[in-house]
Amino acid sequence: MNRSRFNSLLLLPLTLLLVILPQEVYAQIKLQECLDLGVRCEPGSFFNISKFLLKALLNVLVLVGVVAFAALIYSGFLYVVSRGDEEQARRAKSGIVYTLVGLVVIGISGWLVNAVINLAK
């Protein structure tokens, strides 16, 4: 894989994270305005680093799941177009197996992250 393609593949998830993870900010807001908006205005109530990291991890898991699903489709395509070539079919099958194992690991990770988030509430 050439370097520019690797950089573009690395830049896409980072860009998506910046789009997915924006947080609400109540900078320079007065207490009465908070009450009018119906939000809590206590110190430390706006940004919790642990919740942010858990949300970020969950979003990364979703992104990785989408990439794994695309890899599964690609491996299936390689298997279909192998046209009897044993070596290409073997590589496609191993890609399918590895992708399915990865999806199971991603699913378990997502379940664990949700469990931690629910315990943190």
Every residue from the stretch 79-102 that is buried (at least 16 other Cβ atoms within 10 Å of the Cβ) and either without any contact (Cβ under 8 Å) to a residue 12 or more places away in the chain or touching a Gly at 6+ places or on another chain (Cβ under 7 Å) (or both): Ser82, Ala89, Ile96
In the stretch 57-78, the residues that are within 23 Å of Val116 (Cα to Cα) and either free of Cβ contacts under 8 Å to residues at least 24 places away in the same chain or not assigned by TED's automatic domain parsing to the domain that holds Asn114 (or both): Val66
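Listed here are the residues, each with its yes/no results for (1) at pLDDT below 90; (2) over 28 Å from Leu11 (Cβ atoms).
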position: Ile29; (1), (2): yes, yes
position: Glu42; (1), (2): yes, yes
position: Phe52; (1), (2): yes, no
position: Lys55; (1), (2): yes, no
position: Gly95; (1), (2): no, no
position: Thr99; (1), (2): no, no
position: Ser109; (1), (2): yes, no
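The values are calculated or read from the model by the stated rules, or taken from the named source; none is laboratory data. Note that the structure is a prediction, hence the values are computed from the model and not measured. Positions of Cβ are generated from backbone atoms using ideal geometry, with glycine treated the same way; all protein chains shown enter the neighbour counts.
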